[in-house]
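Colleague: Before I ask anything, let me first share the structure, which is written out below as structure tokens.
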Amino acid sequence: MIRAAHSSLRLIVFLFLVSGLGAGQEKTATSGLSSIGPVVHGTADDPLRDPQEKHLQHVKQLTFGGQNAEAYFSYDGRRLIFMTTREPYKCDQIFVMNVDGSDQHLVSTGDGRTTCGYFYADGKHLLYSSTHAANKECPPRPDYSHGYVWAVYPEYQMYYATDDGKIVRPLTTGPGYNAEATLSPDGKKIVFTSSRDGDLEIYTMNADGSGAKRLTYTPGYDGGPFFSPDGKWIVYRAHHPKTPQEIATDRFLLAQGLVVPSEMDLWVMRADGSKQKQVTKLAGASFAPSFYTDSRRIVFSSNYEHPTSSQFELYAINRDGTGLERVTFAGGFSAFPQFSPDGKKLVFVSNRNGKAPHEINVFIADWVP
């Protein structure tokens with residue numbers, strides 16, 4: 001596991017904005033990628049779309065510069081919430097914008113590091129995780145002497161806030177990492193990742209923060225959960241070490257707030273935690289899953305075709321693990337896909353068309369079934 005982590009570190013550095021590797025999930029810098037991102041040789045009327053991307057049309061770039069990740073739709077499909085590192089902020093903050101990219105503005109406190117923003121169903125409130133209560137400064141970068149690792153900051157707590165930036169109250173308290181949260185399609189339940197019981201597991205709770213229930217129990221990392229649009233399923237990413245030595249290494253790193261993310265697969269389970277089933281069995285890391293509007297198919301990011309490289313593309317697969325299909329062909333890094341509520345748009349992040357080293361931007365495209 002550590003050897004694989006070192007191999008990946010030479011080619012990619014994920015700065016985990018935790019959901020994230022999503023919903024979590026996860027933000028990225030692009031060490032080892034082309035310094036200005038891959039060039040897409042599109043057409044005159046669709047210059048940001050590779051001709052092989054048959055499911056995408058009218059690809060539009062919404063952000064220009066900085067490191068942007070985890071852009072998710074509001075329930076009415078009119079706005080996006082995302083996390084970004086841009087001046088004057090030294091680490092990730094939560095922003096919102098309209099789906100055309102206009103009116104980008106800060107909605108988190110501007111202090112600490114934040115991750116995993118999501119809209120409430122009323123369109124007037126937001127959910128996100130932040131370290132600001134523990135320290136207004138950015139937390140330290142992870143210790144890479146252990147190889148390629150993500151930081152899982154125990155200072156992360158989840159907050160309920162208004163969409164103009166006022167925190168109403170914390171949703172979680174106490175020791176442990178609490179992040180990677182998204183809401184159910186009816187807005188009544190939150191699904192999230194927490195280390196409160198000594199391992200990184202998935203939980204649900206009511207939208208007001210009450211009634212927390214643990215869903216996963218397998219040793220290792222379970223995270224980045226998303227409900228299906230019909231509310232019956234949860235898709236998530238996982239790495240489950242098998243041998244006693246691997247489990248011991250995993251626990252040792254977690255005690256220091258670290259996770260090795262270079263080997264991950266997708267899983268699904270019922271919304272109550274039952275019928276847990278592995279969906280992908282691919283080399284490398286598969287992460288950032290979310291459902292199609294039919295609740296049967298999943299879109300996600302993976303480097304399985306180049307598992308020791310930093311080339312992550314978008315793929316689709318059926319909930320039962322059949323029908324794997326590649327969606328993007330730009331090269332470089334593409335991740336965090338999510339469909340609009342009506343299924344007509346796909347939002348994702350990519351370093352395509354980047355103008356500076358480590359630049360990641362938000363893109364939106366019409367979806368072609």
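Colleague: From the convex hull of the Cα coordinates of the chain, what is the mean projected area in square nanometres?
Modeller: Across all orientations, the chain yields a mean hull projection of 15.8 nm².
Colleague: So what are the three principal axis dimensions of the range 130-233 from its Cα atoms, in whole Å, longest to shortest?
Modeller: The Cα atoms of the range 130-233 stretch 43, 36, 22 Å along their principal axes.
Colleague: Further question: Using packing as a proxy for protection, rank 97-104, 64-71, 330-337 so that the peptide with the highest average count of other Cβ atoms within 10 Å comes first.
Modeller: Highest-to-lowest ranking by the protection proxy: 330-337, 64-71, 97-104.
Colleague: If the viscosity is 0.890 mPa s and the temperature 25 °C, what Stokes-Einstein diffusion coefficient in µm²/s follows for the range 206-280 when Rh is the Kirkwood radius over Cα pairs?
Modeller: The diffusion coefficient I find is 180 µm²/s.
Colleague: Mind checking which lysines have their Cα closer than 16 Å to the Cα of K188? Skip sequence neighbours fewer than 8 apart in that chain.
Modeller: Straight-distance partners of K188: K124, K213, K232.
Colleague: Residue-wise, which Karplus ³J(HN,Hα) couplings in Hz belong to the range 349-361, taking 6.51 cos²θ - 1.76 cosθ + 1.60, θ = phi - 60°, and x for glycine or proline?
Modeller: Here the 3J(HN,Hα) series is 10, 7, 9, 4, 6, x, 10, 9, x, 6, 6, 10, 10 Hz.
No lab work stands behind these numbers, since they all come straight from the coordinates. The structure displayed is predicted, hence computed values, not measured ones. Glycine gets a Cβ as well: all are built from the backbone with ideal geometry, and neighbour counts include every protein chain shown.
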